[in-house]
Amino acid sequence: MFTTRVSWIVKQYCDMSYKHWSDVPQTIKEELIDCVRSDFLFDWDRENHRLTVTKALCKRFNSFDHDLHKIYQSYGSHEEALAHGTSLVDPIVWVKLCGRWGSDAFKRTENGNLVDFYKETRWSKKKNKFVTDTTEETYKEMQGRLDGLGPEERSDEAATTVFREVLGHRPGYARGLGEIAIPESSRQRDKVQMQQYLSKVEKHKKDFEQYKKDVEQYKKDAEAYKCQLDEMRTEMRALREHQLQNNNLMQSFFRAFPSFTESIRQTQCNDSPGP
């Protein structure tokens with residue numbers, strides 16, 4: 001059901017005039033991905049689920065392109081193919097496809113061996129070089145093996161053998177399984193979990209360091225407040241002692257000079273207003 005639905009989405013919504021899936025603009029790819037996600041339940045945070053959708057779209061694109069090319073080849077000539085077309089794609093798209101399939105460059109690729117096909121599909125005309133350094137090294141290895149053969153040994157069958165020997169087995173592909181969710185390897189899962197744990201440990205370490213700094217600051221503030229309180233207590237104690245000494249001094253003065261005390265009282269009585 002999944003493969004059938006993805007095929008239908010590609011046929012209905014994808015512009016098939018592009019030569020490769022990698023040439024399809026990202027905006028169109030995102031629209032196709034949204035269509036698939038709206039029909040099926042995925043955990044989009046998981047990489048293997050995202051790969052399931054993108055790989056399925058890529059394969060269905062290539063499969064549909066192959067089917068269209070077979071329709072083109074079923075006509076007797078290029079002109080007949082242009083004239084009759086197909087209802088599977090828009091007429092404008094069909095004209096573009098026929099133009100590509102009828103070009104000399106495509107015919108050379110179609111009639112060439114697998115080594116030539118590898119270069120053709122991985123060569124960027126815009127940059128005039130291989131799309132990556134790895135693909136360039138792979139092609140050089142293929143071509144080097146072919147150059148080591150004698151002229152009579154350089155056949156299409158030999159190129160096919162070299163092609164398979166250099167590329168070898170591609171991990172992640174299983175015959176007959178179709179587009180299924182690619183399970184995460186235990187090594188990849190353990191690596192992700194380890195990174196998550198390390199991130200948590202690092203966060204706890206940072207939080208602990210900040211906590212220590214806060215505690216140290218609180219201690220400093222507490223010590224400062226304690227010093228201020230001790231100073232206030234000392235000042236209050238000194239003030240009380242000074243007040244007590246002053247009271248004692250006044251009492252001693254009044255006892256030593258009682259006449260002065262009486263004179264002060266008389267003066268206060270004379271200064272007070274009468275009845």
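Laboratory data are not the source of any read-out in this text; all were calculated from the coordinates shown. Since the model is a prediction, treat every value here as computed from it, not as a measurement. Glycine also receives a Cβ, built like all others from the backbone with ideal geometry; neighbour counts cover every protein chain displayed.
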For this session: Report the extension gain between ILE28 and LYS226 in nm, rounded to one decimal, defined as 0.36 nm multiplied by the number of residues separating them, less their alpha carbon distance.
Result: 64.3 nm
For this session: Determine which aspartates and glutamates satisfy two conditions relative to LYS140: a Cα distance under 18 Å, and not lying fewer than 8 residues away in the same chain.
Result: ASP116, GLU120, ASP156, GLU165
Seminar exercise, completed: Phi-derived 3J(HN,Hα) across region 70-78 with the Karplus relation (6.51, -1.76, 1.60, θ = phi - 60°), rounded Hz, x for Gly and Pro, is 5, 5, 4, 6, 6, 7, x, 8, 5
Exercise. Setting aside same-chain residues fewer than 8 positions from LYS219, which lysines have a Cα under 18 Å from its Cα?
Worked result: none
Exercise. Which length gain, in nm to one decimal place, applies between SER63 and GLU79 when the Cα-Cα distance is subtracted from 0.36 nm times their residue separation?
Worked result: 3.4 nm
For this session: Enumerate by residue number the chymotrypsin sites (Phe, Trp or Tyr not before Pro) in region 1-89 meeting two conditions: DSSP loop (anything except H, G, I, E, B), and at most 12 other Cβ atoms within 10 Å of the site's Cβ.
Result: TRP44
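At a Förster distance of 25 Å, what's the computed FRET efficiency of ALA158 paired with THR134, Cβ-Cβ distance as r, to 0.05?
Calculated value: 0.60.
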Exercise. Residue-wise, which Karplus ³J(HN,Hα) couplings in Hz belong to region 88-102, taking 6.51 cos²θ - 1.76 cosθ + 1.60, θ = phi - 60°, and x for glycine or proline?
Worked result: 6, 9, 5, x, 5, 5, 4, 4, 5, 5, 4, x, 6, 5, x
Seminar exercise, completed: Rounded to the nearest 0.05, FRET efficiency between ASN248 and SER199 (Cβ-Cβ, R0 51 Å) equals 0.10
Exercise. Which stretch or stretches of region 43-58 have amide N atoms under 19 Å from the point lying 7 Å from LYS19's Cα along the Cα→Cβ direction?
Worked result: 58
Exercise. Looking at this model, which pairs from LYS107/LYS127; LYS59/LYS125; LYS11/LYS107; LYS191/LYS212; LYS96/LYS127 are more than 27 angstrom apart at the alpha-carbon?
Worked result: LYS191/LYS212
Exercise. Which loop-located trypsin sites (Lys or Arg not before Pro) does region 1-53 contain, where loop means any DSSP state but H, G, I, E or B and the Cβ has at most 15 other Cβ atoms within 10 Å?
Worked result: LYS19, ARG46
For this session: Report, by chain and number, residues whose modeled amide H sits under 5 Å from the one on PHE130, excluding near sequence neighbours (fewer than 5 apart, same chain).
Result: SER124
Exercise. Beyond 16 Å, what percent of the Cα pairs of region 54-122 remain?
Worked result: 54
